[in-house]
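The values are calculated or read from the model by the stated rules, or taken from the named source; none is laboratory data. Keep in mind that this is a model prediction, so the values were computed, not measured. Ideal geometry is used to build each Cβ from the backbone, glycine not excepted, and the neighbour counts take in all protein chains shown.
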Amino acid sequence: MLIQTLAEAAAAAAPQNKFGFVEALQAGGFISYATVTILGIMSFGSFFILFTKFVEQAKITGQYKSIAAFWRAPSLKEGVTKLEKNSAWRQIVDDGLTAEEKAAKLVDSSEAHDWLHGSLARSEASINARLAGGLPFLATVGATSPFIGLFGTVVGIYRALIAIGLAGSASIDKVAGPVGEALIMTALGLLVAVPAVLAYNFLQARNKRIAELLTGFSTDVLANIASHGAVKPAVAAAPAAKPAAPAAPKK
């Protein structure tokens with residue numbers, strides 16, 4: 001009993017930590033809470049865009065596997081049924097077929113070709129624009145979150161200077177809290193900015209790869225329509241049959 005009492009007395013007499021993260025926020029007041037809240041929203045938005053865009057990109061690249069079966073069809077109208085509905089690849093083919101019907105009404109053949117090419121380019125651009133959605137937010141977070149953290153840092157340093165002026169001396173107990181708060185804000189700003197920049201570059205690189213596939217597919221569709229089905233990419237060739245195994249010699 002005596003030992004327990006002494007332990008409780010020692011714990012009560014031990015100095016309490018007044019410079020933790022929560023304590024720094026409480027000391028900083030409204031500005032600290034507002035800065036942390038804004039950085040938290042930015043961080044949540046960055047990870048949300050990263051995961052949703054990654055899933056969207058993976059879906060488009062997965063749908064590209066059906067392109068070979070599409071080109072093996074006798075015509076685009078029959079092949080389009082082999083593409084998944086509401087996919088980027090089917091959108092290009094549907095827009096190309098619609099443009100082909102409208103281009104047939106044009107008298108000048110060169111104007112008809114330009115109309116067809118422009119229609120496919122617009123379809124491709126709309127898909128790329130949809131894939132790029134959310135990336136400006138990542139770029140904004142990566143560029144501005146360090147400055148938001150720096151704003152909290154400036155406020156923390158200002159509060160430290162005020163504490164020094166009121167106390168008349170730069171004692172550690174007067175400046176440790178505000179300076180600690182300032183360093184925390186700087187660290188939070190960098191912690192939000194770095195993942196956002198990495199996510200932006202990662203998604204942008206994958207978008208460029210998808211854009212290359214879209215451009216090639218759109219070009220092949222244009223050539224097929226302009227040649228009335230005569231021109232098809234090499235992927236349309238049927239896979240070569242495996243050679244039969246040689247028969248075993250008769251005894």
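Scanning segment 92-118 for residues that are free of Cβ contacts under 8 Å to residues at least 12 places away in the same chain and in contact with a helix residue (DSSP H, G or I) (Cβ under 6 Å, 6 or more places away or on another chain), we see that the one that is nearest to N224 (Cα to Cα) is A112.
Candidates in segment 221-251 are the residues that are at pLDDT 60 or above and assigned to a helix (DSSP H, G or I); of these, the one that is surrounded by the most Cβ atoms within 10 Å (Cβ to Cβ) is V221.
Table: residues versus (1) in contact with an Asp or Glu (Cβ under 6 Å, 6 or more places away or on another chain); (2) part of a helix (DSSP H, G or I); (3) crowded, with 19+ Cβ neighbours inside 10 Å.
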{"residue": "L50", "(1), (2), (3)": "no, yes, yes"}
{"residue": "V55", "(1), (2), (3)": "no, yes, no"}
{"residue": "G79", "(1), (2), (3)": "no, yes, yes"}
{"residue": "K85", "(1), (2), (3)": "no, no, no"}
{"residue": "Q91", "(1), (2), (3)": "no, yes, no"}
{"residue": "A99", "(1), (2), (3)": "no, yes, yes"}
{"residue": "E111", "(1), (2), (3)": "no, yes, no"}
{"residue": "D114", "(1), (2), (3)": "no, yes, no"}
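Consider segment 210-220 and keep the residues that are over 15 Å from S126 (Cβ atoms) and touching a residue at least 24 places away in the same chain (Cβ under 8 Å). The one that is surrounded by the fewest Cβ atoms within 10 Å (Cβ to Cβ) is L213.
For L106, the conditions (1) surrounded by fewer than 16 Cβ atoms within 10 Å (Cβ to Cβ); (2) part of a helix (DSSP H, G or I) are fulfilled apart from (2). For S46, indicate whether it is surrounded by 14 or more Cβ atoms within 10 Å (Cβ to Cβ) and in a helix (DSSP H, G or I). The answer is yes for S46. Of all residues in segment 155-164, those that are in contact (Cβ under 8 Å) with a residue 24 or more places away in the chain and either in contact with an Asp or Glu (Cβ under 7 Å, 6 or more places away or on another chain) or surrounded by fewer than 15 Cβ atoms within 10 Å (Cβ to Cβ) (or both) total 1. Checking G189, G152, G168, G142 one by one, the residue that is modelled with pLDDT under 80, under 37 Å from the mean Cα position of the chain (by Cα) and small (G, A, S) is G152 and no other. Residue-level check: of (1) at pLDDT 90 or above; (2) of a type outside the set (K, R); (3) crowded, with 16+ Cβ neighbours inside 10 Å, T61 misses just (3).
For segment 64-88, a residue qualifies if it is of a type outside the set (S, T, Y), more than 20 Å from S227 (Cα to Cα) and out of contact with any helix residue (DSSP H, G or I) (no Cβ under 6 Å at 6 or more places or on another chain), and the qualifying residues are K65, K85, N86. W71 meets each of the listed conditions (1) over 30 Å from T140 (Cα atoms); (2) surrounded by fewer than 18 Cβ atoms within 10 Å (Cβ to Cβ); (3) modelled with pLDDT of 90 or more apart from (2). Among the residues that make up segment 24-37, is at least one of them at pLDDT 90 or above, of a type in the set (F, W, Y) and within 30 Å of V141 (Cα to Cα)? Scanning segment 24-37, I find no residue that is at pLDDT 90 or above, of a type in the set (F, W, Y) and within 30 Å of V141 (Cα to Cα), so the answer is no. Among the residues examined, G180 qualifies as buried (at least 18 other Cβ atoms within 10 Å of the Cβ) and at pLDDT below 85.
Filter segment 92-107 for residues that are modelled with pLDDT of 85 or more and either closer than 10 Å to L76 by Cβ or aliphatic (A, V, I, L, M) (or both) and give the result. Passing the criteria: I92, V93, D94, G96, L97, A99, E100.
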